[in-house]
1. Per residue of the chain, what 222 nm ellipticity follows from adding -39500 (n - 2.57) for every DSSP H run with n ≥ 4, rounded to the nearest 500?
2. At 25 °C and 0.890 mPa s, what whole-number value in µm²/s does Stokes-Einstein give for the translational diffusion of the chain, with Rh from the Kirkwood sum over Cα pairs?
3. Output the 0 to 90 degree angle, nearest 10, between the alpha-carbon long axis of helix 48-64 and the longest principal axis computed from the alpha carbons of the chain.
4. If the chain between residue 104 and residue 90 were fully stretched, how many nm would it gain, using 0.36 nm times the residue separation less the Cα-Cα distance?
5. For helix 70-82, report the angle its Cα long axis makes with the longest principal axis of the Cα atoms of the chain; keep it between 0 and 90° and round to the nearest 10°.
6. Please identify which residues in segment 5-36 have an amide N closer than 17 Å to a label point set 7 Å out from the Cα of residue 68, following the Cα→Cβ vector.
7. Which order results if 99, 7, 13, 50 are arranged by neighbouring Cβ count within 10 Å, fewest first?
8. When the chain is treated as a GNM, springs tying every alpha-carbon pair under 10 Å, which of 68, 35, 90 comes out with the largest mean-square fluctuation?
């Protein structure tokens with residue numbers, strides 16, 4: 001299975017410090033699932049403000065972890081800011097699916 005993450009940026013920051021890398025991965029795994037759950041709940045309730053906030057909070061980690069969802073995050077943020085009920089279900093579904101895959105891969109790869 002293809003990796004849905006890339007740790008190049010983290011490895012660049014950490015050098016050879018594997019403990020530092022594991023700490024960053026661990027922090028991501030401790031925080032991101034609850035942020036993702038907040039996003040799911042907010043979207044199901046059509047809470048535009050919380051959708052925006054949740055997506056905005058997750059977005060920097062997408063870049064740091066090389067998870068190719070930045071454009072999806074921007075579209076989700078835009079939906080949250082515009083407060084219109086334009087169709088975004090496909091983008092949110094894809095965003096959730098890929099982010100959950102990346103989370104599970106990191107958990108398995110780092111035994112966390």
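No value in this document is a laboratory result; all are computed from the given coordinates. Quick caveat: nothing in here was measured; it's all calculated off a predicted structure. When we count neighbours, we look across all protein chains shown, and the Cβ atoms used for this are built from the backbone with ideal geometry, even at glycine.
1. Numbers: 5 runs with 85 residues, N = 112.
That comes out to -25500 deg cm²/dmol.
2. Stokes-Einstein gives a translational diffusion coefficient of 170 µm²/s.
3. 20 degrees
4. Working: separation 14, 0.36 × 14 = 5.04 nm, distance 2.11 nm.
Roughly 2.9 nm would be gained on extension.
5. Rounded to the nearest ten degrees, it is 30.
6. Answer for this model: 5-9.
7. Values: 99 25, 7 19, 13 13, 50 16.
So the residues, fewest neighbours to most, are 13, 50, 7, 99.
8. Highest fluctuation among the options: 90.
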